[in-house]
Amino acid sequence: MREKYIEECAIIHQNCTYTAEAHHLVAATSKRRGFWLQIVPAICAAVSSAFVAAGYAPNGVLVFTLLSATTSAVAAVLNPNLAYQEHLAAAKSFTALKHDARFLRDAHATKLSDEGLVIAVENLHNRYNELLKTVPPTEEKYFLKARQSIQRGFHEADLDESGNIK
């Protein structure tokens with residue numbers, strides 16, 4: 001019986017690893033998108049508005065001002081900063097849960113009774129399911145990128161042959 005609960009910890013650990021990495025990738029993309037959709041157009045609109053205010057307003061500057069303002073308005077509706085914050089929070093939550101699953105599996109389970117282990121794993125499982133209900137979804141392309149990164153060993157601990165930290 002213990003083996004099944006230890007295995008469940010390993011599954012939760014793996015699921016959290018993949019999900020956290022996917023959310024980190026979405027957050028990074030949203031942060032970059034925010035820069036390009038919010039900061040750059042706002043600066044361009046300000047500079048071109050200064051040209052207009054100075055009386056230098058050929059059609060190109062007016063069109064540039066209009067495009068910059070429109071892009072800023074679209075960015076305000078898309079709100080990439082909100083997506084960044086939501087996905088970063090999700091990534092951090094899954095990372096914390098991943099560490100809890102690893103700790104339970106690799107260290108804490110040895111000192112728990114069978115009944116205590118059952119309760120601890122059920123609590124971990126319930127926390128994982130509750131977290132899934134609250135986080136924003138990710139797209140398949142981010143999961144695939146996360147899988148590639150993880151399979152290259154990105155999340156492996158730096159341990160020597162004896163299992164000691166290098």
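The values are calculated or read from the model by the stated rules, or taken from the named source; none is laboratory data. These numbers were taken from a predicted model, which means no experiment stands behind them. Cβ coordinates were reconstructed from backbone atoms using ideal geometry, including for glycine residues, and neighbour counts include every protein chain displayed. Ligands, DNA and RNA are stripped out before the accessible areas are found, and what is left, the full protein with its side chains, is counted by its heavy atoms. Shrake-Rupley method; radii C 1.70, N 1.55, O 1.52, S 1.80 Å.
A few comments on the model shown:
- For the range 88-108, the criterion of being surrounded by fewer than 17 Cβ atoms within 10 Å (Cβ to Cβ) and part of a loop (DSSP other than H, G, I, E, B) is satisfied by at least one residue.
- The helices (runs of 4 or more DSSP H) located wholly in the range 1-84 that include 3 or more residues which are within 30 Å of Thr110 (Cβ to Cβ) occupy 2-34.
- Candidate set from the range 109-154 (those that are assigned to a helix (DSSP H, G or I) and among the hydroxyl-bearing types (Ser, Thr, Tyr)); member that is nearest to the chain's Cα centre (by Cα): Tyr142
So that you can scan it fast, the table gives a plain yes or no per residue for (1) at pLDDT 95 or above; (2) of a type in the set (Ser, Thr, Tyr):
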| position | (1), (2) |
| --- | --- |
| Ala83 | no, no |
| Ala91 | yes, no |
| Lys98 | yes, no |
| Val118 | yes, no |
| Glu130 | yes, no |
| Ser149 | no, yes |
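- Residue in the range 42-49 that is in contact (Cβ under 8 Å) with a residue 12 or more places away in the chain, over 30 Å from Gly116 (Cα atoms), open to solvent by 30 Å² or more (accessible area, probe 1.4 Å) and not polar (S, T, N, Q) present: yes
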